[in-house]
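Beneath this line is the structure, given in structure tokens, with notes to follow.
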Amino acid sequence: MSDLSNGAIADALDELGDLYELDGAVVHRVLAYRNAAKAVRDAPLSVAQLTRDGAVTTLPGIGATLAQKITDLLDSGDIPAAIKLRERYPEGLLAITALPGLGPKRARRLFDELGIDSPAALRAAADAQRIRTLKGFGAKGEAAIIAALEAGGAERPRTRVVLDRALAIADVIATALAEIAPTAQIEIAGSARRRADSVKDLDIVVDHASLLDDLGGLEVIETASRTSASAARGRTHTGMTVELRAVAPEQFGNLLQHLTGSGAHNAALRERAVRAGLHISEYGVLDDATGVTHHCVSEAEVYALAGLPYIEPELRENRGEIETAASGTLPRLIELSDIRGDLHAHTTASDGRASIEEMALAARERGHEYLAITDHSATHGFGDDVSPEQLRRQIELVHEADAAIEGIRLLAGSEVNILPDGAPDYEDALLAELDWVIASVHTSFALDGDAMTERMCRAAGHPLIDAIGHPTGRLIERRPPYELDIEALIAACASTRTMLEINSNPDRRDLNEVHARAAAAAGAAILVNSDAHSTERLGAMRYGIWTARRAWLTAADVANTLPWAELAARLKRPR
DNA sequence: GCCGTTTTCGGCCCGACTGTTTTCAGTCG
């Protein structure tokens with residue numbers, strides 16, 4: 001039987017926080033639950049296991065009370081306090097608090113005074129003009145509620161945009177603004193700058209206020225308006241919100257740091273600063289001792305005033321980076337230029353668009369020393385499968401191309417399917433002829449967690465499988481990971497010297513940053529691969545690198561920063 | 001509810017915006 005996942009525990013804590021908030025608890029108590037939920041969600045270890053070991057209070061923000069609540073959850077499947085509060089506050093009330101402008105306080109008044117317990121009841125009351133009779137709610141508020149309900153705010157969370165689409169638009173906007181004001185400083189901020197999997201909107205910081213009036217004229221912008229003397233907001237034709245903020249050059253670092261976030265990072269940074277008598281805001285750093293507000297041209301100055309070294313945007317998620325920075329032990333994060341080769345790429349032999357030669361030349365152009373050709377295997381289907389006979393021919397073709405093309409080592413590989421029983425879909429004798437084998441799940445996603453975990457651990461134990469590709473199968477914003485005990489897989493890979501991939505396809509980025517950090521901590525070797533299906537997509541590698549950086553990885557944690565000869569020597573079957 | 005190179009108690013980031021307000025609470029990022 002598998003334990004509750006960190007995500008499930010975090011969801012339970014978030015729900016309890018929401019319920020306490022409806023119940024009128026002091027905000028700091030509610031915040032404590034939110035912080036604890038985040039700590040659990042970001043934890044690189046099994047929180048269930050930590051709890052059973054009596055060590056869960058080592059996580060930041062989890063004390064004796066929350067440890068007991070997590071223990072109750074693991075023992076009985078629920079938290080007693082949550083059961084009690086759910087009886088008092090109907091589920092529909094939480095849906096109401098999801099509407100813009102309606103928080104817990106106002107939702108409670110609607111519930112207490114008008115008996116409104118669902119979005120439908122809210123709509124009926126608004127239509128009957130009963131809401132405006134409440135103190136604090138006017139006709140305007142009533143109209144805003146109707147508008148929010150009609151926008152569907154209570155049913156579906158707003159969709160987020162996957163990072164590559166967001167960056168593509170951000171680059172177009174930044175380039176267009178730079179053409180208008182060539183001397184302006186223009187920076188993308190927000191979660192896009194932190195290289196998160198997806199973003200809600202785009203934040204852009206400029207030091208030329210005149211640019212605020214140019215936003216609406218850009219080709220990618222559908223509508224735009226000034227929202228204040230220093231800000232403009234636009235909407236792209238794709239429906240994404242763009243916030244443009246202008247600031248004086250001497251305060252550029254303050255605003256960029258503020259808008260890059262994350263919110264949790266900034267809150268933790270500011271709490272630390274307060275203990276030193278400093279107040280950090282988007283406008284400057286106020287020193288209590290002198291009464292002086294320091295302006296910062298660069299972010300590095302903001303951190304320096306707080307007594308810290310510069311912290312890379314990818315680390316700013318309040319996952320321990322502030323404490324680690326304070327102790328002077330931040331890792332030197334991996335960079336794209338550290339990568340020496342790519343061990344996952346497709347050609348026209350399966351579902352790729354380019355030939356072996358085209359992929360080889362494009363990889364060489366990118367500075368790679370080696371490239372593994374890993375087309376799909378015998379059972380792939382969709383007409384993309386490579387029969388054993390075709391694979392034998394492909395091996396010859398790859399070796400011929402390797403001999404013919406100077407400056408890059410080509411490896412004859414395959415991306416084999418992991419069958420539901422954990423076996424690869426080629427005979428071992430054929431696998432043994434390959435230079436490189438990466439194994440992935442492409443079928444039977446719906447196995448239960450135990451079966452999927454056994455399937456993948458068995459694959460990791462296969463002597464001829466070198467690496468596991470896109471280990472959780474998730475597609476960002478589209479498909480959740482399949483049921484899998486990722487820690488068990490990581491342990492299996494570490495003990496069998498099977499490498500784990502960070503797949504760089506921007507829709508995958510799989511392993512994600514939390515799992516990649518856990519894998520490196522467990523001693524498993526990580527790969528960052530493009531999974532390119534065309535020459536251009538070899539460039540997707542940067543997304544995997546960003547995930548690796550968000551996982552705190554250094555070049556030493558990633559195997560394909562090594563020359564091929566050194567990497568090959570570390571494989572379970574040295575070649 | 002958590003936490004401590006000012007604290008085991010008394011704090012807990014900062015500011016903008018909104019609407020309904022004669023001075024502010026609630027919400028949001």
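A short reminder: the numbers here are calculations on the coordinates, not readings from a lab. If you're wondering where the values come from, they're calculated on a predicted model, not measured in any experiment. Glycine also receives a Cβ, built like all others from the backbone with ideal geometry; neighbour counts cover every protein chain displayed.
Taking the range A:429-452 as the range and being surrounded by fewer than 21 Cβ atoms within 10 Å (Cβ to Cβ) and hydroxyl-bearing (S, T, Y) as the test, the residues that pass are A:T443, A:S444. Residue count for the range A:32-54, restricted to those that are in contact with a helix residue (DSSP H, G or I) (Cβ under 9 Å, 6 or more places away or on another chain) and part of a loop (DSSP other than H, G, I, E, B): 5.
Would you check if there is a residue in the range A:133-140 being on the phi > 0 side of the Ramachandran plot, within 11 Å of DNA strand B (Cβ to nearest atom) and in contact (Cβ under 8 Å) with a residue 12 or more places away in the chain?
Initial filter on the range A:133-140 (on the phi > 0 side of the Ramachandran plot): A:136.
So of that shortlist, the ones also within 11 Å of DNA strand B (Cβ to nearest atom) come out as A:136.
This time we only want the ones that are in contact (Cβ under 8 Å) with a residue 12 or more places away in the chain, so: A:136.
Looking through the range A:133-140, at least one residue is on the phi > 0 side of the Ramachandran plot, within 11 Å of DNA strand B (Cβ to nearest atom) and in contact (Cβ under 8 Å) with a residue 12 or more places away in the chain.
Cβ-Cβ contacts under 8 Å between residues 6 or more apart (or on different chains), taken from a first residue in the range A:58-70 that is touching a residue at least 12 places away in the same chain (Cβ under 8 Å) to a second residue that is near DNA strand B (Cβ under 6 Å from one of its atoms), are listed as A:G61/A:A32; A:L66/A:A32; A:I70/A:I62.
Restricting the search to helices (runs of 4 or more DSSP H) fully inside the range A:502-575 and requiring at least 2 residues that are closer than 22 Å to A:S5 by Cα and in contact with a Pro (Cβ under 8 Å, 6 or more places away or on another chain) gives A:513-521.
Residues in the range A:57-72 that are part of a loop (DSSP other than H, G, I, E, B) and either surrounded by 15 or more Cβ atoms within 10 Å (Cβ to Cβ) or touching a Pro at 6+ places or on another chain (Cβ under 8 Å) (or both): A:L59, A:P60, A:G61, A:I62. Under the condition of being among the small types (G, A, S) and crowded, with 20+ Cβ neighbours inside 10 Å, the residues counted in the range A:43-56 number 3. Within the range A:16-28, no residue satisfies the criterion of being within 8 Å of DNA strand B (Cβ to nearest atom), within 18 Å of A:I83 (Cα to Cα), without any contact (Cβ under 8 Å) to a residue 60 or more places away in the chain and assigned to a helix (DSSP H, G or I).
Count of the range A:467-493 residues, restricted to those that are touching a Leu at 6+ places or on another chain (Cβ under 9 Å) and part of a helix (DSSP H, G or I), is 5.
Pick out the one residue from A:A144, A:A196, A:A192, A:A148 that is assigned to a loop (DSSP other than H, G, I, E, B), within 15 Å of DNA strand B (Cβ to nearest atom) and not acidic (D, E). Spell out the reasoning first.
Values: A:A144 fails: assigned to a loop (DSSP other than H, G, I, E, B); A:A192 fails: assigned to a loop (DSSP other than H, G, I, E, B); A:A148 fails: assigned to a loop (DSSP other than H, G, I, E, B).
Matching residue, one of A:A144, A:A196, A:A192, A:A148: A:A196.
Does A:N266 count as surrounded by fewer than 21 Cβ atoms within 10 Å (Cβ to Cβ) and within 14 Å of DNA strand B (Cβ to nearest atom)? Yes; evaluated as a whole, the condition is true for this residue. None of A:A556, A:A459, A:A522 is without any contact (Cβ under 8 Å) to a residue 60 or more places away in the chain and buried (at least 24 other Cβ atoms within 10 Å of the Cβ) except A:A459.
Matching residues to (1) farther than 30 Å from A:R106 by Cα; (2) aliphatic (A, V, I, L, M):
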{"site": "A:A39", "(1), (2)": "no, yes"}
{"site": "A:P44", "(1), (2)": "yes, no"}
{"site": "A:Q49", "(1), (2)": "yes, no"}
{"site": "A:A55", "(1), (2)": "yes, yes"}
{"site": "A:I62", "(1), (2)": "no, yes"}
{"site": "A:T65", "(1), (2)": "no, no"}
{"site": "A:T71", "(1), (2)": "yes, no"}
{"site": "A:D78", "(1), (2)": "no, no"}
{"site": "A:Y89", "(1), (2)": "no, no"}
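For the range A:369-394, filtered to residues that are acidic (D, E) and not in a loop (DSSP other than H, G, I, E, B), the residue that is farthest from A:S337 (Cα to Cα) is A:E389. Scan the range A:269-311 for residues that are more than 30 Å from the chain's Cα centre (by Cα) and near DNA strand B (Cβ under 8 Å from one of its atoms) and the total you get is 5.
Tell me, which residue of the range A:82-102 that is within 13 Å of DNA strand B (Cβ to nearest atom) and assigned to a helix (DSSP H, G or I) is farthest from the chain's Cα centre (by Cα)?
Quick first cut of the range A:82-102, residues within 13 Å of DNA strand B (Cβ to nearest atom) only: A:82, A:84-85, A:93-102.
From the residues that got through so far, the ones that are assigned to a helix (DSSP H, G or I) too are A:82, A:84-85, A:93-97.
Numbers: A:A82: 29, A:K84: 34, A:L85: 32, A:L93: 29, A:L94: 26, A:A95: 25, A:I96: 28, A:T97: 26 Å.
Among them, the one singled out is A:K84.
Report whether or not A:E477 is acidic (D, E) and within 20 Å of A:L419 (Cβ to Cβ). Taking the combined requirement at face value, the residue does not satisfy it.
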